[in-house]
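Report on one structure; see the data block that follows.
The values are calculated or read from the model by the stated rules, or taken from the named source; none is laboratory data. Because the structure is a prediction, the values reported are computed rather than measured. When we count neighbours, we look across all protein chains shown, and the Cβ atoms used for this are built from the backbone with ideal geometry, even at glycine.
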Amino acid sequence: MVTFKLVQECENYAIYHYWAENYEEKNPSEYGILAFDKDTMSYIIIELAPHDFQHIVSIEEQLEMRESANRGRIEDGRLPLTEEEWPMPKSELKFTFYADPAFQTIKRNFKKGELLKYGKTFWY
């Protein structure tokens, strides 16, 4: 679970504090900061929350996963993967366990015309 709260809004950005695993109630000072870009609908992490973590998947690892999936398809008698189904990786992927779900919720609501002031996201 991740909770988040809008703390500042300007023309192009919305700044949020976010908390991992109910730390908003347990220890409100242990938050991370993310900036949501309203124009590009992307975000940057200004400060990673103390209980959040990131995982980076290299291009090589992505290629290995793609090739493994491709081999499985071929063994099942199906056609190889296309670029549309699984594009060739061009850069490493960075996943942030708590900030990413908060961002996705903020983005989904912003697309509907609402900039969330507060939110919670559960995925388990």
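Summary table
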| quantity | calculated |
| --- | --- |
| Top-ranked residue of segment 11-38 - restricted to ones that are acidic (Asp, Glu) and farther than 23 Å from LEU93 by Cβ, ranked as surrounded by the fewest Cβ atoms within 10 Å (Cβ to Cβ) | GLU11 |
| Single residue of ARG73, ARG78 found to be surrounded by 13 or more Cβ atoms within 10 Å (Cβ to Cβ) and out of contact with any strand residue (DSSP E or B) (no Cβ under 9 Å at 6 or more places or on another chain) | ARG73 |
| Members of segment 56-95 found to be hydrophobic (A, V, I, L, M, F, W, C) and closer than 22 Å to TYR43 by Cβ, listed by number | ILE56, VAL57, LEU93, PHE95 |
| Filtered residues of segment 71-90 (kept if in contact with a helix residue (DSSP H, G or I) (Cβ under 7 Å, 6 or more places away or on another chain) and in contact (Cβ under 8 Å) with a residue 12 or more places away in the chain) | LEU81, TRP86, PRO89 |
| Residues being assigned to a loop (DSSP other than H, G, I, E, B) and under 17 Å from GLY119 (Cα atoms) - total across segment 1-15 | 1 |
| Scope segment 52-70; condition surrounded by 11 or more Cβ atoms within 10 Å (Cβ to Cβ) and either without any contact (Cβ under 8 Å) to a residue 24 or more places away in the chain or of a type in the set (Val, Ile, Thr) (or both); matching residues | VAL57, ILE59, GLU61, GLU64, MET65, ARG66, GLU67, ALA69, ASN70 |
| Of all residues making up segment 16-35, the number that are within 16 Å of LYS120 (Cα to Cα), at pLDDT 95 or above and not hydroxyl-bearing (Ser, Thr, Tyr) | 5 |
